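The values are calculated or read from the model by the stated rules, or taken from the named source; none is laboratory data. For clarity, every value in this text was computed on a predicted model and none was experimentally measured. Cβ coordinates were reconstructed from backbone atoms using ideal geometry, including for glycine residues, and neighbour counts include every protein chain displayed. Surface accessibility is based on the protein's heavy atoms, side chains included, excluding ligands, DNA and RNA. Shrake-Rupley method; radii C 1.70, N 1.55, O 1.52, S 1.80 Å.
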Amino acid sequence: MTKAVPFWKDERKLAVIFQAILLAVVLVVLLFLGYMASTNMADRNLKFSFGFLSEPADFQIYEGYTVAKEQGRWILRLYHPSDQVWQAMVTGFLNTLRVSFLGIVLTTILGVLVGVGRLSSNWLVNRFSFAYVELIRNTPLLVQMVFWYLAVFLLLPPLRTAPRFHGLIVSNKGVLIPWLVPDAAWANFAPYFYGGLGLWILLWAVRSFWKPPRWLYWVAPVALWGLGLILVGSLPLEWSVPRVQGFRVEGGMQLSPEFSSVLLALVLYTASYIAEIVRGAIQSLPKGQWEAPASLGLSYAQTLRLIILPQAMRIVIPPLGNQYLNLTKNSSLAIAIAFPEIMSVYETTVNQAGHSIEGILIVMAAYLSLSLFISALINWYNVKVALVGVAR
Amino acid sequence: MEPIIHMENVNKWFGALHVLKDINLDVQKGEVVVVIGPSGSGKSTLIRTINRLEEIQKGRIVVDGIELNRDVRNIDAVRKEVGMVFQSFNLFPHMTVLENITLAPRIVRKWPREKAEQIAMELLERVDIADQAEKYPAQLSGGQQQRVAIARALAMQPKIMLFDEPTSALDPEMVGEVLDAMKELAKSGMTMLVVTHEMGFAREVADRVIFMDMGEIIEEGEPDQVFSHPQHERTQSFLARILH
Amino acid sequence: MRALSWMKENLFNGWFNSLLTLITAWLIFVVTRGVLVWAFTEARWSVVPDNMRLLMAGSYPPDLVWRLWMIAAIILFTGGLQYAAQARGGAPWWLWAGALALFAVSYPVVFPATRFFLLITLLALPVGVTVGLNVPRRFVNWMTVVVVLVVFSMLWGQTARIGGFTLTLLLTALASVFAFPLGLLLALGRTGKWPVFRTLSILYIELIRGVPLITVLFLSYYMVPLFLPASWEVPTLFSIVVGFSMFAAAYLAEYVRGGIQGVHKGQYEAAWALGLSGSQSARYIILPQAIRSVIPALIGQLIAIFKDTSLIYILSLFDLLFMALTVARNPKYLGTEREVLLFVAFVYFVGAALMSYASRRLERAMGLGTR
C-alpha cells in the first residue's frame, strides 16, 4: 500500500499551490494598480466613461466614409463634422481598412517580384533588388513615411502646373486617377450583376450535393452578365476623368498625398520583408525541384511558374500572413502625417474631448479584432492549401 | 536479501494503450539483467519507470528502499542513486566533456569543483578517453560520446545503472568499445539493467535475461537457458528472427 | 574583352534578360541622376553639421556632454566584452583598424573639443573585445552588471533633457535590458507545465502582438503615471521605457520559445536522470542551448527596437527624428526637410547595418550550425 504523502511534498499538489500563489499575486497587483489609478484619476478630476462616444465630434476629417442610420437603414456615406465621435472612429477604422487592404495586395505583388529578382541571373536586376531590400529594411518605417510625405508628395507641383498623362494627374493635392464609375444604366444592369454573383455563390454552396464542372463556375455568371449587357444596351460603366476646376478637382479617383505617402511607404517597406521571405522559401526547395524540370525540357520561366512558385507560395503563407498583420498595424504610423486612419482620429478626439485611456482601449480593441480576423483567414487558407499527406 | 529494485503489479497506460501489464520484477544488488524483446514491447518504458522518466498508474516501485511516488523528495533521492545511459547519448552540446561530467555532482551533490574534476578524470580513464576532456561532444565520435555518457552517469556514484539500447545508434565498428566499458562495469559489481539487442553481450555478462513482449514479461532466466532452450513460443519466434 | 563577355553572360543572355537590363538600367539612371543633381546643387547640406549637437544630444547641457560620450564608450566596451565571451574567436585586428579608420574619416568633420572623446569611444569596442577574450567568462557577466549600474548613476539627473540620437540609443538600450528578462519569463511560462502560468503568458503575448506599438506606447504614456503616486513625478521616459519593454518582451518571448522548443527532449531526460531539478535543468541545460540557437533572431529584435524608437517622435519626445524636423522648421533652414530626413535615414541605416554585420560575425564565431 502506498504511504500517504504529506501534501506539502506531493509533486502534483506543489504545482497547484505554486500556481494558486501566482494567481493571487497577479490579482493583488492588478487590484493595487486599479486602486492607484482610480485615486489618481479622481484627484485630477478625470472620469472613466465611454459617454464621450455619443457626443458630436465637431472636427473635420478630410477623407473617409462612415456609417449612419438614415430613414431606418444603415448606409455608408461621407463623414461630416456634426457626426458623433463613434462615427468619427468608424471613419478612421474604415480608412485603416482601405489603406491596409490595398497595401496588402500591392505589397504582395511587389514583394514577390523583388524576391524572384533577388535570385535572378541578370546581374543588374539581382544587385538592384539586393540594394532595395537592404536600404529599405534598415531604415525605420516612420522615417520613410515622413520622407515620402514631406519630401516628395507635398513638394509636387500644384494643380495648375502638375504633369498630366492621359488623365492621370500627379500634384501636391494628391494623385488623381481616371476611374470607372457606374452610370445611369447601372440601375438596370444591377439585377443581372448581382444575379451572376448569386449564381456563383449558389453553385459553390451546393457543391456537396452536386459537383458542377469547373468551367461552369465562371461561365454561368459571365453568361448572365452578357445577357444583361445585351438587354440593357450599353455599358453600365463610364470613365470618370479628373478635371481641374480652378483650385479643385472634379471626377476620377483622388488619392490624397497623405493616403499616397502612407500607402507607398507601407508597400515598399513590407515588400522588402516579403521579398526576403519569398527568396528564402524558393531557396529552401531542394535542388532537385529545379533539376528535374530542366531535364524534362522546361524553360527557366516555366519551371518557376509551374513548379517552384506553387511550392514556394505554400511555404510562404504563415510568414506572409505575419507581414500582412505587420502592415495593418504599421498603418497606425499614419498619425504622424495626418492621414485620418483610426489613430489620427483618436488623437484628434483626445485633443477635443480628453478620455485618452478609454479611447486608446477602443483603438486597441479595433486592431486586436482586425489582427484576429486576418490571422484566422491566414490559418484557414494555410490549412486549405496544405499538400495532401504532409504532416505539419 | 532485500532486492535493490522491487516492482510489484506495475501497470502503465499511454492513453488507451496498455503498455506495461502487471509487471513483477525483483533485481538484486550487483545483478546484471538484460531485457530483450521486439520493438513496442515496453522494455524501454519499463526501465524508464525506475527513475521516473515515465509515471505508472498502478502498482508499486521501490528503489533502494525508497518508495517511488509523487513525493518530490523521493523522486530526487531515487534519481541520485540511479544513473541512465540513453540511446542517443544526450550529451550537453554547449559544455566540454569535463563540464558534462562534473555538472551534476557539483550542483546536485554539491561537491567542490576539485573533487568533481578529480572523480571525472578517473572515470574518463576508466572508459579510456581521458585525453578528450576539453573537447566538445560534437568533436567526438559516436562511440566516444557514449562512453562519455557512461562516465557522466557514473560520476554521481549511483547504485544502479540503466542502459536504454546504448549501442543501437552507433556504427558497427564503435559498438565494441562501448560494450567493453559496460562489461568492465558489470565485472566491478554494479547493478545494471540493460535493454539491448546485443545477444553476445547478454551471454557473456548477464546474470539474468528477461524477454518482454506486448507489455508483459514472457520469460526470464539465465542467458544460456533462455537463448538455447526458450520455453515460450513467442520467445522462440523472436530469437529465431534475431539470431537467424 | 573580358568585360564584354561578362556583360553578355550576366546582363544580356536571352531577349527577356536584355530587355530587363535595359529597362532597369534606364530606371536607375533617371532616378540616380535626379537625386545626384539635387544632392550636389540644390541641397543645403550645411543644415546637418550646423545642428549636429542638437541632432545628436538634444538640449542636454553642453558642458555635460562628456558624460554621454563616456556612457557610449562604456556601452561599447561592454558590448565588446559580451561579444568576446560568446565568440571565443581570434584577435580582432579589423576592429582596431575599423575604429581608427572611422576616427580618421570623421576627424575633419567634428569639433576639436569632441575629437578626444570620439577617439576614446571608438577605441572602446576593440578594447572591450580584447579584454573579454583574455578574462575568465565568469567575470564578464559581473562586469556587465557593474557597468549597467555605473551608466544609470551617470544618467541620474538631467535625464529629461537628453535628446537626439543619444535618446534613441538610450531608449534602445533600456528597452532591451528590461525586455529580455521579461521575455524570458514569458517564454518559460508559455512552455512550462503549469496551466495558470501558461494561460497568463499566452494572453499577454497574443494581446500585445495583436496591437500596434504606438497604441501600447500611448497607453503606457497615459497610464503609467496613473499607477504611481503623483508625488513621484514619473519622467515621461520611464513610462515610454515601460511600454517599449512590455511590447518587445512579447516578441522576444516568441523567439525564445522557438529556441526552447528546438531543444531535444533527450536533453531534458538526461538532466532529470542525473538528478537535476526543474529549475536547475532550465538554468544549466535548456536555456543556454535555447538562447544560443536564437541569438540571430534576438539581435534582429534589437535592431527592430532600435528602429522603432523613432515612434517616440509621435509622442513629442525629442528623439533624432523629432530634432531633425525641428531643425528643418527653423526659419533659417526652411525647406531642408529632404536633407535632414536623408541624414536621419543614413544614421539609422549605418546603425542597423553595423548591428546586422556584427550579428552575422557572431553567428559564425559561435559556430552555429556546426555545434
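Take each residue of peptide B:107-119, count the partner chain Cβ atoms within 10 Å of its Cβ, and average: the result is 1.
Can you work out the accessible area per residue across chain C, with the rest of the protein chains kept in place, probe 1.4 Å, in square angstrom?
Value returned for chain C: 51 Å² of accessible area per residue.
Restricting the calculation to Cα atoms, chain A shows an Rg/Rh of 1.05 when the hydrodynamic-style radius is the Kirkwood one. Interface burial in region C:257-276 reaches 40 Å² or more for C:Gln267, C:Glu269, C:Ala270, C:Trp272, C:Ala273, C:Leu274, C:Gly275, C:Leu276, comparing the full protein assembly with the chain by itself; accessible area from heavy atoms with a 1.4 Å probe.
Given 0.36 nm per residue, what is the gain on full extension from C:Tyr357 to C:Ala3 after removing their alpha carbon distance, in nm?
So the chain would gain 124.4 nm between C:Tyr357 and C:Ala3.
Relative to the longest principal axis of the C-alpha atoms of chain B, give the angle of the C-alpha long axis of helix B:97-107, reported between 0 and 90° and rounded to the nearest 10°. Rounded to the nearest ten degrees, it is 80. Looking at region A:101-147, the accessible area is 40 square angstrom per residue; that uses a 1.4 Å probe and ignores ligands, DNA and RNA.
Here is the P(r) of region A:239-307: all C-alpha pair distances, binned every 10 Å from 0, give 16, 24, 19, 17, 16, 8, 1 in whole percents.
A simple charge model with +1 on the Cβ of Lys and Arg, -1 on the Cβ of Asp and Glu and nothing else charged puts the dipole of the protein assembly as shown at about 1880 debye relative to its Cα centre. Computed over the Cα atoms of region A:160-283, the ratio of the radius of gyration to the Kirkwood radius (Rg/Rh) comes to 1.15. In the assembled protein chains, A:Ile21 presents an accessible area of approximately 90 Å² (probe radius 1.4 Å). The distance from the alpha carbon centre of region C:219-253 to that of region B:200-244 is 68 Å, rounded to a whole number. Per residue, the Cα convex hull of region A:19-172 amounts to 309 Å³. With the largest listed first and rounded to whole Å, the semi-axes of the equivalent ellipsoid of region A:250-392 from the Cα gyration tensor are 41, 19, 11. Rounded to the nearest 10 degrees, the angle from helix B:72-81 to the longest Cα principal axis of chain B is 80 degrees. A quarter of the convex hull surface defined by the alpha-carbon atoms of region C:266-371 gives 9.7 nm² as the mean projection.
Remark on region A:33-58: accessible area falls by at least 30 square angstrom from chain-alone to full-complex state for A:Leu33, A:Met36, A:Ala37, A:Asn40, A:Arg44, probe 1.4 angstrom.
Highest mean packing comes first when the peptides B:120-133, A:161-174 are listed by Cβ atoms within 10 Å, giving B:120-133, A:161-174.
Comparing mean-square fluctuations of A:Thr91, A:Thr139, A:Thr270 from a GNM of chain A with C-alpha springs under 10 Å, the top value falls on A:Thr139. Under a model in which nothing but the beta-carbon of Lys, Arg (+1) and Asp, Glu (-1) is charged, region C:163-371 shows a dipole of about 600 debye around its Cα centre.
In this structure A:Glu55 has an accessible area near 100 Å², from a 1.4 Å probe over the protein heavy atoms. Cα-based values for region A:98-175, radius of gyration first and Dmax second, are 15.9, 45 Å. Give me log10 I(q)/I(0) at q = 0.12, 0.14, 0.20 Å⁻¹ for region B:42-172, Debye formula, one equal scatterer per alpha-carbon, no solvent. Taking Cα atoms of region B:42-172 as identical point scatterers yields -0.49, -0.65, -1.16.
Subtracting the Cα-Cα distance of A:Ser369 and A:Phe18 from their residue separation scaled by 0.36 nm leaves 123.0 nm. Over all orientations, chain C has a Cα convex hull whose mean projected area works out to 26.0 square nanometres.
Put simply, the convex hull of the Cα atoms in region C:163-371 casts, on average, a shadow of 14.8 nm². Accessible surface ranking for C:Met7, B:Met212, B:Met190, 1.4 angstrom probe, highest first: C:Met7, B:Met190, B:Met212. Principal-axis analysis of the Cα atoms of chain B puts helix B:172-187 at an angle of about 90° to the longest axis. Per the Kirkwood formula applied to alpha carbons, region A:186-240 shows a radius of gyration over Rh ratio, Rg over Rh, of 1.09.
Set the Cα radius of gyration of chain B against 2.2 N^0.38 Å, with N its number of residues, and you get 1.01.
Note on A:Trp215 and A:Asn172: the model spin-label points, each 7 Å out from Cα along the C-beta direction, lie 5.8 nm apart. In whole percents, the pair-distance distribution calculated for the protein assembly as shown from its alpha-carbon pairs, binned every 10 Å from zero, is 2, 8, 15, 18, 18, 15, 11, 8, 4, 1, 0. Against the criterion of solvent-accessible heavy-atom surface with a 1.4 angstrom probe, C:Glu254, A:Glu358, C:Glu9 sort, most first, into C:Glu9, C:Glu254, A:Glu358. Per residue, the average separation of C-alpha pairs within less than 8 Å and at least 6 apart gives chain A a relative contact order of 20 percent.
Cα-based values for region C:219-283, radius of gyration first and Dmax second, are 19.4, 54 Å.
With every protein chain kept in the model, how would you rank A:Val206, C:Val65, A:Val29 by accessible area, 1.4 Å probe, largest at the top?
A:Val29, A:Val206, C:Val65
Residues whose amide H falls under 5 Å from that of B:Asp213, counting only those 5 or more places apart or on a different chain, are B:Ile218, with hydrogens built in the peptide plane. Shielding by partners for peptide C:339-345, expressed as the average number of C-beta atoms from other protein chains within 10 Å of each residue's C-beta, is 4. Solvent exposure of A:Phe101, expressed as accessible area, is near 150 Å², computed with a probe of 1.4 Å over the protein chains only.
Once you average over the residues of A:116-123, how many Cβ atoms of partner chains fall within 10 Å of each Cβ?
Per residue, the number of nearby Cβ atoms from other chains is 4 on average.
Treat region B:36-94 as a sphere of radius equal to its Kirkwood radius over Cα pairs and apply Stokes-Einstein at 4 °C in a medium of 1.567 mPa s; give the translational diffusion coefficient in µm²/s, rounded to a whole number.
Estimated via Stokes-Einstein, D reaches 100 µm²/s.
The fraction of accessible area contributed by carbon and sulfur in region B:161-244 is 47 percent, rounded to a whole number (1.4 Å probe; ligands and nucleic acids excluded). Can you name the helices of chain A, as whole DSSP H runs, whose Cα span along the helix axis is 18 Å or more and whose Kyte-Doolittle mean is not below 1.6? Long hydrophobic helices here: A:216-232.
Between chains A and C, what is the buried accessible area in Å², counting both sides, with a 1.4 Å probe and ligands, DNA and RNA left out, to the nearest 100?
4600
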